[in-house]
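The values are calculated or read from the model by the stated rules, or taken from the named source; none is laboratory data. As the structure is a prediction and not an experimental result, all values here were calculated from the model. For neighbour counting, all protein chains shown are included, and Cβ atoms are generated from backbone atoms with ideal geometry for every residue, glycine included.
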């Protein structure tokens, strides 16, 4: 299976992808749990089931347009990480297996080995498309598009995230919750297995979330810790670029990088059921919005990804508070909810990525039942 197109990076439930397709329709979020329709959504056909009304075109916003594709379960494990590269989705499992899915045919096995996959990324490196996988046992692997293993090295600690940004980089962390106030974080060159720069030792309570971004010509690792501090680290050297806090209230939960109003920004979710946006260069808060009218009772984000829908910066956030599953698509310019993704049942969506299908943006996701899905982000 070939993997190509747009470059994406994913780490567990968070990711960053830059797309410039045509935009989709806008709407409001009235706070209904489980992705229920508001009256306006019912009127224009954006039903949770994805069934269009007579007045709408096929594949309306939020409709499931590919899948569900069931992964082999049992010995191969359940989905634990997801990434997208153009028209292909890459999924890692709890048994260390990698699958590739072109959103048209059954998922194909790319490779396996090592403990459970903690993160995957796909993109271009040295003129070819590659996949990077990080594992619970510290393994970090590099694969080509056909599944041939290009590199296989092992860090001393669990891999927390991987990316393809000029080179394949993995992030490991050692943290004893009982004995250590601060964790040890290290960066690794996946191709060579060599450590990049010194270890990072000032994450209070450990790294709660991380993502990858780009600022002022530099590729970055972005981390959030137990003190709500966000730090920007240079991937080239492992040195600190700058830091800021997201505020004392509402512990930081998940993060993703985006471009808001033309500038690099950090999108974050918090345990007080808020979505926040900060300027990545200055740390200044751009926006803060409740998940819905029944916040903070709908806290519990399971996945977050950010990108562009036309010229509109968006975030896709999957929630499963108290078994009420919903996936919202946010407009990051104004904090309005564009719409919900239609869900077939109450299975929680634990991983999301933005991909391309037939030249337009879609959301790919993996649920707790080991199924891969694809949802429309609006008519072409």
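Looking at (1) within 23 Å of residue 353 (Cα to Cα); (2) surrounded by fewer than 24 Cβ atoms within 10 Å (Cβ to Cβ); (3) touching a residue at least 24 places away in the same chain (Cβ under 8 Å); (4) out of contact with any helix residue (DSSP H, G or I) (no Cβ under 9 Å at 6 or more places or on another chain), which is the one condition that is false for residue 224?
The number of the failed condition is (2).
So is residue 92 in a loop (DSSP other than H, G, I, E, B), within 21 Å of the chain's Cα centre (by Cα) and buried (at least 24 other Cβ atoms within 10 Å of the Cβ) or not?
Values: in a loop (DSSP other than H, G, I, E, B): no; within 21 Å of the chain's Cα centre (by Cα): yes; buried (at least 24 other Cβ atoms within 10 Å of the Cβ): yes.
No: the conditions fail for residue 92.
Scanning region 251-272 for residues that are in a loop (DSSP other than H, G, I, E, B) and in contact (Cβ under 8 Å) with a residue 40 or more places away in the chain, which turns out nearest to the chain's Cα centre (by Cα)? Lay out the reasoning, then the answer.
Looking only at region 251-272, we keep the residues that are in a loop (DSSP other than H, G, I, E, B), and these are 251, 261-262, 271-272.
This time we only want the ones that are in contact (Cβ under 8 Å) with a residue 40 or more places away in the chain, so: 251, 261.
Values: 251: 19, 261: 21 Å.
Top of the filtered list is 251.
For region 126-142, name all the residues that are part of a strand (DSSP E or B) and closer than 16 Å to residue 188 by Cα. If you could, list the steps in order and put the result at the bottom.
Narrowing region 126-142 to residues part of a strand (DSSP E or B): 128-135, 139-142.
Across region 126-142, the qualifying residues are 131, 132, 133, 134, 135, 139, 140, 141, 142.
Restricting the search to region 98-128, which residues are more than 18 Å from residue 168 (Cα to Cα), more than 19 Å from the chain's Cα centre (by Cα) and free of Cβ contacts under 8 Å to residues at least 60 places away in the same chain?
Of everything in region 98-128, those that are more than 18 Å from residue 168 (Cα to Cα), more than 19 Å from the chain's Cα centre (by Cα) and free of Cβ contacts under 8 Å to residues at least 60 places away in the same chain turn out to be 104, 105, 106, 109, 112, 113, 114, 115.
Looking at 114, 34, which one is modelled with pLDDT under 90, in a helix (DSSP H, G or I) and surrounded by 15 or more Cβ atoms within 10 Å (Cβ to Cβ)?
It is 34.
Mind counting the residues in region 292-313 that are free of Cβ contacts under 8 Å to residues at least 60 places away in the same chain and either within 17 Å of residue 339 (Cβ to Cβ) or buried (at least 24 other Cβ atoms within 10 Å of the Cβ) (or both)?
1
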